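Structure first, then comments.
The values are calculated or read from the model by the stated rules, or taken from the named source; none is laboratory data. A quick note: this is a predicted structure, and the numbers were derived from the prediction, not measured. So basically every Cβ, Gly included, is an ideal-geometry build from the backbone, and we count neighbours across all protein chains shown.
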Amino acid sequence: QKEVEQNSGPLSVPEGAIASLNCTYSDRGSQSFFWYRQYSGKSPELIMSIYSNGDKEDGRFTAQLNKASQYVSLLIRDSQPSDSATYLCAVSTGAGKSTFGDGTTLTVKP
Amino acid sequence: GAVVSQHPSWVICKSGTSVKIECRSLDFQATTMFWYRQFPKQSLMLMATSNEGSKATYEQGVEKDKFLINHASLTLSTLTVTSAHPEDSSFYICSARGSPGAQGTEAFFGQGTRLTVV
């Protein structure tokens with residue numbers, strides 16, 4: 001079992017729709033959870049971080065964390081073609097070292 | 001977010017030569033820096049963690065004599081790929097973090113270095 005698993009893609013949604021990205025993790029000691037966006041050939045860019053159970057909203061992005069279920073998700077509302085990228089879920093135990101999932105590639109079709 | 005600068009952004013070198021990649025935190029002191037490698041269509045794989053002034057901690061399977069890491073100051077870490085071979089061709093990315101052990105402190109990524117060994 002991988003330490004961090006993401007739903008296999010690719011995921012395709014029409015422009016304006018909600019994109020839902022999911023991630024599960026195996027280490028119950030995990031404390032910090034991050035979503036990164038990575039465009040092809042570029043470095044990852046942090047878009048959301050979440051540390052406690054519940055929802056965290058930032059603009060069109062909402063991260064949801066459920067530590068009991070070891071589950072974290074990212075919702076993108078009003079998806080735009082510019083959101084097309086690979087989204088990486090990362091989980092940290094608190095020492096700063098993060099473990100990344102394999103990523104989910106999202107395509108938003110105009 | 002904080003700014004991490006990585007240089008060069010791409011490099012082509014001959015097999016058997018060494019390549020040095022620099023990672024700088026521009027507006028904060030990075031007590032910890034991480035070096036990742038990413039092959040095409042794969043996720044980031046952590047190679048090593050370095051703390052300023054101490055030896056790097058390498059992940060299992062990463063040759064420390066081949067991938068030399070130096071973190072001599074709070075704003076600079078370097079990765080040297082020694083005696084590079086074509087299989088070392090990859091995208092190398094550094095990230096830097098400010099406060100050691102502080103829960104919730106994000107690490108910020110450099111732009112990455114695409115290494116091609118011919």
Next item on the list: Just give me the residues in the stretch B:63-76 being at pLDDT 90 or above, buried (at least 16 other Cβ atoms within 10 Å of the Cβ) and more than 12 Å from the chain's Cα centre (by Cα), in sequence order.
Entry: B:75
Checklist line | Residues that are at pLDDT below 95, in a loop (DSSP other than H, G, I, E, B) and not aliphatic (A, V, I, L, M), drawn from the stretch B:10-42 | finding: B:27, B:28, B:29, B:31, B:39, B:40, B:41, B:42
Check: What number of residues in the stretch B:14-33 are over 16 Å from residue B:80 (Cβ atoms) and at the interface with chain A (Cβ under 10 Å from one of its Cβ atoms)?
Finding: 2
Check: Quick one: which of A:97, A:109, A:67, A:56 is among the charged types (D, E, K, R) and modelled with pLDDT under 90?
Finding: A:97
Next item on the list: Quick one: which strands (runs of 3 or more DSSP E) lie wholly within the stretch A:18-58 and hold at least 1 residues that are within 11 Å of chain B (Cβ to nearest Cβ) and farther than 18 Å from residue B:95 by Cα?
Entry: A:45-50
Next item on the list: Would you please name the residue that is surrounded by the most Cβ atoms within 10 Å (Cβ to Cβ), looking only at residues in the stretch A:61-110 that are of a type in the set (Asp, Glu) and in a loop (DSSP other than H, G, I, E, B)?
Entry: A:102
Next item on the list: Could you list all residues from the stretch B:41-61 that are touching a strand residue (DSSP E or B) at 6+ places or on another chain (Cβ under 8 Å) and farther than 19 Å from residue A:3 by Cα?
Entry: B:50, B:51, B:52, B:53, B:54, B:56, B:57
Next item on the list: Scan the stretch B:47-57 for residues that are part of a strand (DSSP E or B) and out of contact with any Pro (no Cβ under 9 Å at 6 or more places or on another chain) and report the count.
Entry: 5
Check: Which one is surrounded by the fewest Cβ atoms within 10 Å (Cβ to Cβ) among residues in the stretch B:93-107 that are at pLDDT 75 or above and facing another protein chain (nearest Cβ under 7 Å)?
Finding: B:107
Notebook entry, point to check: Tell me, which residue of the stretch B:1-46 that is over 14 Å from residue A:43 (Cα atoms) and among the polar types (S, T, N, Q) is surrounded by the most Cβ atoms within 10 Å (Cβ to Cβ)?
Noted result: B:25
Check: Do we find that residue A:32 is more than 20 Å from residue A:5 (Cβ to Cβ), touching an Asp or Glu at 6+ places or on another chain (Cβ under 9 Å) and among the polar types (S, T, N, Q) in this structure?
Finding: no
